[in-house]
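Input: a single structure, listed below in structure tokens.
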């Protein structure tokens, strides 16, 4: 019985390391995908669910946006931080 448990554990571990998780698909960084967040980030309006969905999909791109002088003020500005907090999305240190 103990040997069977160890064998199953080994198979499970091997499976975990050899399969790709479904979220590993490449993300295309496109700031226009964040258009539902425009009002909340620019004007401080309420954060709609569509904004949160967009933020979560573009989260891998935050450092790219933060390094761009055109967008960095929006990413780390007070409204950008509030929107990220509303959506429970963490802003990385880049």
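The values are calculated or read from the model by the stated rules, or taken from the named source; none is laboratory data. In this text, all values refer to a predicted model and were calculated from it rather than measured experimentally. Neighbour counts run over all protein chains shown; Cβ positions are idealised from the backbone, glycine included.
Laid out as a table, the results:
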| read-out | value |
| --- | --- |
| Exclusive hit being part of a loop (DSSP other than H, G, I, E, B) and either modelled with pLDDT under 95 or more than 22 Å from residue 93 (Cβ to Cβ) (or both), set 47, 13 | 47 |
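Rundown of residues vs (1) at pLDDT below 95; (2) within 17 Å of the chain's Cα centre (by Cα); (3) surrounded by 10 or more Cβ atoms within 10 Å (Cβ to Cβ); (4) in a loop (DSSP other than H, G, I, E, B), yes/no style:
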position	(1), (2), (3), (4)
9	yes, no, yes, no
27	yes, yes, yes, yes
36	no, yes, yes, no
39	no, no, yes, no
52	no, yes, yes, no
82	no, yes, yes, no
85	no, yes, yes, no
88	no, yes, no, yes
